[in-house]
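Let me begin by presenting the structure, written as structure tokens, before commenting on it.
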Amino acid sequence: MDKRKTKTESVQLDWVFEVSWEVCNKVGGIYTVLKSKASQMVGYYQDKYYLIGPYFAERIKGEFQEEVPRQELGEVALELKKQGVKCYFGKWLIKGEPKVILLDFKDLWSRVNQIKAELWEEYKIDSLNTGQDFNEPVVWAYAAGMFLERISLSVKEEKIVAHFHEWLSGTGLLYLKKKRIKIGTVFTTHATTLGRALAYHNVDFYSILTKIDPEREAVKYNVKAKHQLEKQAAVNCHIFTTVSEITGLEARSFLKRGPDLLLPNGLDLEKFLTFEEIVIKHRIQRDRLREFLLFYFFPYYTFDLENTLFYFMIGRYEFHAKGIDILIKSLTKLNQKLIKNKSKKTIIVFFWVPTGIKGIKPELLENREIFQDIKDALKDVSWENEEKVLFSILERKKIREETLFEKDFLFEIKKKLLRLKRESLPPLATHDLVDSQDIIMKSFQEAGLLNKESDRVKVVFYPIYLTGYDGLSNLNYQECIQACHLGVFPSFYEPWGYTPLEAAALGVASITTDLSGFGRFCQKIRENKKQPGVFVLERFNKDEEKVVKSLYHLLYNFSQLSRQERVENKIQARKIAAKADWKFFIKNYLAAHKKACQ
């Protein structure tokens with residue numbers, strides 16, 4: 001008997017709906033959660049599983065394929081159309097091809113004030129002065145509630161569970177509650193609205209959780225309506241869940257309800273390379289990144305690329321929440337230590353953090369063109385050189401420049417090298433920035449990270465999205481990670497932490513913190529304490545000075561590892577990623593749905 005069918009039968013549900021603003025709508029991290037676990041959900045629930053999202057014609061191209069719905073759904077759609085909601089049925093064009101219902105709510109927009117009035121009258125959610133970012137998902141979620149109500153009335157005694165993600169879908173859950181619809185409800189907060197706001201305003205709130213007045217702080221940081229909606233959804237659902245223990249702590253203080261279950265975020269490991277392939281890819285992408293350094297640093301001075309390590313941070317521009325501030329301060333200590341030790345090792349730290357740009361720095365464009373010209377010239381004579389090297393080795397002759405190249409060729413190459421040479425310092429950023437007072441650039445300057453020849457730690461702020469065709473390294477997101485030796489994510493606020501998990505799946509060691517859900521997960525399953533693959537920096541209730549010092553030690557100790565020890569970390573990182581596969585984590589979703597039904 002098929003094991004998946006056995007598990008499906010044990011849940012005993014007739015319909016399962018997941019409701020999220022990010023279904024076929026890539027605007028945040030929940031899109032990745034839904035997309036990566038879709039095939040597992042379809043595998044267990046099969047044709048009982050549906051995703052409900054918003055209909056935006058311009059965003060669904062290549063994502064959604066329209067299909068004829070089953071009879072019950074078609075009848076509901078006809079009813080809803082009379083109420084101002086148009087339903088689009090089809091499948092999401094991702095692995096598993098889950099069934100999707102997209103709701104066009106524009107004709108419901110005239111009722112926005114009525115909907116907000118209902119939220120006030122029934123749940124005391126004050127949304128009087130909210131803008132489009134609040135009103136739009138509220139109207140859509142209300143439409144989702146209407147849809148689910150009519151499904152419940154249509155199929156009567158059949159068992160239905162609706163799983164709502166984040167405050168954006170909360171109005172739909174509250175609609176069902178108000179109407180007393182017989183549907184089991186699950187609500188998941190991936191990050192509390194207030195926690196996110198406090199973190200982004202540099203409030204180290206974990207040490208004062210019990211002293212915070214959530215309502216007052218929500219008003220102060222202009223998230224009152226979102227916070228109140230999130231709180232009411234958490235309080236009024238049947239089963240409340242968060243993605244991690246750390247988010248559960250926030251929820252208890254800010255939403256006045258702790259999670260009934262944790263729903264950690266996983267990956268579909270089948271989409272990633274095998275470890276053997278990972279080793280090969282690392283060498284390929286590392287060499288491509290080295291080539292980028294040849295025109296980024298080498299016009300100014302040279303260093304030993306064979307004795308160079310690549311560290312990186314990648315993510316949204318959240319200076320404090322992502323721990324960029326902590327990393328820069330730690331790099332100062334690391335640089336000083338390596339200089340003091342007269343280390344021959346060089347550490348290049350990439351900050352792949354998008355922000356506003358004017359364009360690539362002109363001197364870099366010029367460097368790249370001259371470098372490419374030299375490279376092309378060498379390609380033209382490479383086939384001749386192979387023969388000359390072979391003959392010289394067999395004839396036991398010493399190989400010199402003159403052996404390989406004609407005098408005229410050497411003269412031309414030397415002229416090009418002189419054009420490439422520059423007297424200033426290598427830039428700190430690849431692009432000219434819109435903000436002349438950019439905080440990352442200012443922090444580099446204050447920290448003394450200036451890319452001097454004597455610096456053993458050098459920084460590259462790469463402020464664009466990694467598309468793979470940016471005109472510089474031309475590496476995409478995954479290729480950049482694969483090229484590096486260590487990812488550094490010392491986040492203060494990270495409810496789960498997908499990036500270090502993705503790095504682990506790509507066989508790259510990383511540093512995360514005990515303020516991230518993934519960090520706490522790693523602490524529980526760690527096998528090799530000496531070479532753990534994912535290092536967990538302790539930040540919970542630690543002052544900044546101690547955190548900076550601890551991170552510096554982690555960065556320094558990693559730089560002293562042998563090649564074999566770095567490989568051991570790659571192996572352990574991959575093992576950790578394998579334990580965070582959706583095929584294991586999906587059981588938490590099934591348990592939540594079953595409890596909601598009961």
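The values are calculated or read from the model by the stated rules, or taken from the named source; none is laboratory data. The model shown is predicted, which means the values in this text are computed figures rather than measured ones. As a convention, Cβ positions derive from the backbone with ideal geometry for all residues, glycine included, and neighbour counts pool all protein chains shown.
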Here is a list of conditions, (1) under 28 Å from residue 58 (Cα atoms); (2) surrounded by fewer than 18 Cβ atoms within 10 Å (Cβ to Cβ), and residue 156 meets all of them except one; can you say which number that is? (1)
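State which residue is surrounded by the fewest Cβ atoms within 10 Å (Cβ to Cβ) when the search covers only segment 411-443 and only residues that are assigned to a helix (DSSP H, G or I) and assigned by TED's automatic domain parsing to the domain that holds residue 334. Reasoning before the result, please.
Of all residues in segment 411-443, those assigned to a helix (DSSP H, G or I) come to 411-420, 439-443.
Narrowing the set further to residues that are assigned by TED's automatic domain parsing to the domain that holds residue 334 leaves 439-443.
On the way: 439: 15, 440: 21, 441: 18, 442: 13, 443: 19.
Per the stated criteria, the residue is 442.
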Can you tell me which of (1) surrounded by 13 or more Cβ atoms within 10 Å (Cβ to Cβ); (2) at pLDDT below 95 is the one residue 382 doesn't meet? (1)
Here the qualifying pairs (Cβ atoms under 8 Å; residues six or more apart or on different chains; first in segment 43-67 and under 21 Å from residue 268 (Cα atoms) and in the same structural domain as residue 18 (by TED's automatic domain parsing); second among the hydroxyl-bearing types (Ser, Thr, Tyr) and modelled with pLDDT of 95 or more) come out as 51/20; 64/88
State which residue pairs qualify: first residue more than 21 Å from residue 320 (Cβ to Cβ) and inside segment 418-442, second residue of a type in the set (S, T, N, Q) and surrounded by 14 or more Cβ atoms within 10 Å (Cβ to Cβ) in any location, beta carbons under 8 Å apart, and separation of 6 or more residues or different chains. 420/367; 422/367; 425/451; 426/451; 427/451
With criteria (1) within 19 Å of residue 496 (Cα to Cα); (2) in a strand (DSSP E or B), residue 185 comes up short on (1)
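For residues that are over 31 Å from the mean Cα position of the chain (by Cα) and either closer than 18 Å to residue 40 by Cβ or in a helix (DSSP H, G or I) (or both), scanning just segment 8-25, find the one that is modelled with the highest pLDDT.
Of segment 8-25, the ones over 31 Å from the mean Cα position of the chain (by Cα) are 9-14.
Now drop any that are not either closer than 18 Å to residue 40 by Cβ or in a helix (DSSP H, G or I) (or both), which leaves 9-11, 13.
On the way: 9: 45, 10: 54, 11: 52, 13: 93.
Of everything passing the filter in segment 8-25, 13 is modelled with the highest pLDDT.
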Do we find that residue 120 is touching a strand residue (DSSP E or B) at 6+ places or on another chain (Cβ under 6 Å), in the same structural domain as residue 166 (by TED's automatic domain parsing) and within 14 Å of residue 229 (Cβ to Cβ) in this structure? no
Out of 171, 185, 210, 193, I need the residue that is at pLDDT 95 or above and under 16 Å from residue 252 (Cα atoms). Which one? 193
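Considering each of 344, 322, 358 in turn, give the residue that is in contact (Cβ under 8 Å) with a residue 40 or more places away in the chain, part of a loop (DSSP other than H, G, I, E, B) and more than 23 Å from the chain's Cα centre (by Cα). Break it down into steps so the answer makes sense when it comes.
Details: 322 fails: more than 23 Å from the chain's Cα centre (by Cα); 358 fails: part of a loop (DSSP other than H, G, I, E, B).
Testing whether each residue is in contact (Cβ under 8 Å) with a residue 40 or more places away in the chain, part of a loop (DSSP other than H, G, I, E, B) and more than 23 Å from the chain's Cα centre (by Cα) leaves just 344.
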Spot the failing condition for residue 162; the list is (1) closer than 22 Å to residue 591 by Cβ; (2) assigned to a helix (DSSP H, G or I); (3) in contact with a Phe, Trp or Tyr (Cβ under 7 Å, 6 or more places away or on another chain), and only one is missed. (2)
Among the residues of segment 553-586, how many are out of contact with any helix residue (DSSP H, G or I) (no Cβ under 8 Å at 6 or more places or on another chain) and more than 18 Å from residue 482 (Cα to Cα)? 6
Any pair with Cβ under 7 angstrom, 6 or more apart, that starts in segment 517-533 at a residue that is in the same structural domain as residue 501 (by TED's automatic domain parsing) and ends at one that is part of a loop (DSSP other than H, G, I, E, B) and acidic (Asp, Glu): 520/514; 523/514
Under the condition of being aliphatic (A, V, I, L, M) and within 15 Å of residue 50 (Cα to Cα), which residue from segment 159-181 is surrounded by the fewest Cβ atoms within 10 Å (Cβ to Cβ)? 160
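Please determine whether any residue of segment 292-309 is among the charged types (D, E, K, R) and surrounded by 15 or more Cβ atoms within 10 Å (Cβ to Cβ).
We begin by selecting, within segment 292-309, every residue among the charged types (D, E, K, R); these are 304, 306.
When the remaining residues are screened for being surrounded by 15 or more Cβ atoms within 10 Å (Cβ to Cβ), the result is none.
No, the conditions are met nowhere in segment 292-309.
Rundown of residues vs (1) touching a Leu at 6+ places or on another chain (Cβ under 9 Å); (2) in contact (Cβ under 8 Å) with a residue 24 or more places away in the chain; (3) more than 23 Å from residue 595 (Cβ to Cβ); (4) not hydroxyl-bearing (Ser, Thr, Tyr), yes/no style:
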residue	(1), (2), (3), (4)
221	yes, yes, yes, no
225	yes, yes, yes, yes
228	yes, yes, yes, yes
240	yes, yes, no, yes
267	yes, yes, yes, yes
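For the condition on the phi < 0 side of the Ramachandran plot and assigned to a loop (DSSP other than H, G, I, E, B), what is the one hit in 527, 502, 446, 479? It would help to see each step written out before you state the result.
Working: 502 fails: assigned to a loop (DSSP other than H, G, I, E, B); 446 fails: assigned to a loop (DSSP other than H, G, I, E, B); 479 fails: assigned to a loop (DSSP other than H, G, I, E, B).
It is 527.
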